[in-house]
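A.B. asks: Sending over a structure as structure tokens; questions will come in a sec.
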Amino acid sequence: MKRSLSLLLALGILVGCSSSPPVRLAGIGNTSWQLVKFQGGNGAVLTPDDKAKYTLDFKNDGNVNVRFDCNKGRGTWILAGPNEVRFGPLALTRAACPPGSLHDHFVKQWANVRSYTLKDGHLFLSLIADGGSYEFEPTTR
């Protein structure tokens, strides 16, 4: 009887640990952002014609919804370490955006984002090899 009680207690602890509720992930889970600008590693600055056309909506479950100008999509994100973020492939609509759109820039650079910083209420996503960074401000949901 004592042995089976110990076994049940151990099993209950294991089950309890594996079913913990989702947590806010490093301050960026359950947040939404719109693009302020892209600052390239070469000093070039790209700014959107409308900030609301370029948005990221991080979910606590590891999903992210995006809007890159005239296209919307969904993908995944994970924290790979302190201030390190990785994005999975995106499933995007395929509308042709107008000239001057930053859509293609975002799509090409998406897999190259490696780190994030929260500073003065803004989110900065930095590319590998000093390739530049995206600056976002919070959106109103």
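A.B. asks: Taking Cα pairs under 8 Å and at least six residues apart, what relative contact order does the stretch 23-138 come out at, in percent? Numbers along the way, then the final one.
C.D. replies: Values: 233 pairs, mean separation 30.1, N = 116.
So the answer I get is 26 percent.
A.B. asks: Can I ask one more? Which order do the peptides 67-76, 91-100, 47-56 take when ranked by the mean count of other beta-carbon atoms within 10 Å per residue, highest first? Please list the in-between numbers first.
C.D. replies: Numbers: 67-76: 17.5, 91-100: 10.2, 47-56: 15.8.
Result, highest mean Cβ count within 10 Å first: 67-76, 47-56, 91-100.
A.B. asks: How many lysine pairs does the stretch 23-138 hold where the Cα atoms are under 18 Å apart and the two sit 8 or more places apart or on different chains?
C.D. replies: Number of lysine pairs found: 9.
A.B. asks: Turning to a different aspect of this structure: Viscosity 1.567 mPa s, temperature 4 °C: Stokes-Einstein D of the stretch 23-138 from its Kirkwood Cα radius, in µm² per second? The partial results should precede the final answer.
C.D. replies: Numbers: Rh = 14.2 Å.
It comes out at roughly 91 µm²/s.
A.B. asks: Report the FRET efficiency, 1/(1 + (r/R0)^6), for Lys37 and Asp61, where r is their Cβ-Cβ distance and R0 is 22 Å, rounded to 0.05. Display every interim value, and only then the final one.
C.D. replies: On the way: r = 29 Å, r/R0 = 1.32.
The pair Lys37/Asp61 has a calculated efficiency of 0.15.
A.B. asks: With labels modelled as points extended 7 Å from the Cα through the Cβ direction, what inter-label distance (nm, one decimal) is found for Thr140 paired with Thr93?
C.D. replies: According to this spin-label approximation, the distance is 2.4 nm.
A.B. asks: Take Ala129 and Thr47, extend 7 Å from each Cα along the Cα→Cβ direction, and tell me the distance between the two endpoints in nm.
C.D. replies: 2.9 nm
A.B. asks: A further question on this structure: Quick one: which residues, 5 or more positions from Gly132 or on another chain, have an amide H under 5 Å from its amide H? H modelled 1.01 Å from N in the peptide plane, none for Pro or chain starts.
C.D. replies: Gly41, Leu127
A.B. asks: Kindly rank 36-45, 104-113 from highest to lowest mean number of other beta carbons found within 10 Å of each residue.
C.D. replies: Details: 36-45: 13.0, 104-113: 15.8.
Highest to lowest by the protection proxy: 104-113, 36-45.
A.B. asks: Need the full-extension length gain, Lys119 to Ile78, defined as separation in residues times 0.36 nm minus the C-alpha distance. One decimal, nm. Mind showing how you got there, number by number?
C.D. replies: Numbers: separation 41, 0.36 × 41 = 14.76 nm, distance 2.00 nm.
In short, 12.8 nm is gained.
A.B. asks: Related question: Under unit Cβ charges (Lys, Arg +1; Asp, Glu -1), what dipole magnitude, rounded to 20 debye, does the stretch 23-138 have relative to its Cα centre? Provide the component values of the computation, followed by the final result.
C.D. replies: Details: 13 positive and 11 negative charges, 60 e Å.
In total the dipole reaches around 280 debye.
Every read-out reported here was derived from the displayed coordinates using simple, explicitly stated rules and does not represent laboratory data. Not measured: the values here are computed from a predicted model. Every residue, glycine among them, receives a Cβ derived from its backbone with ideal geometry; neighbour counts consider all protein chains shown.
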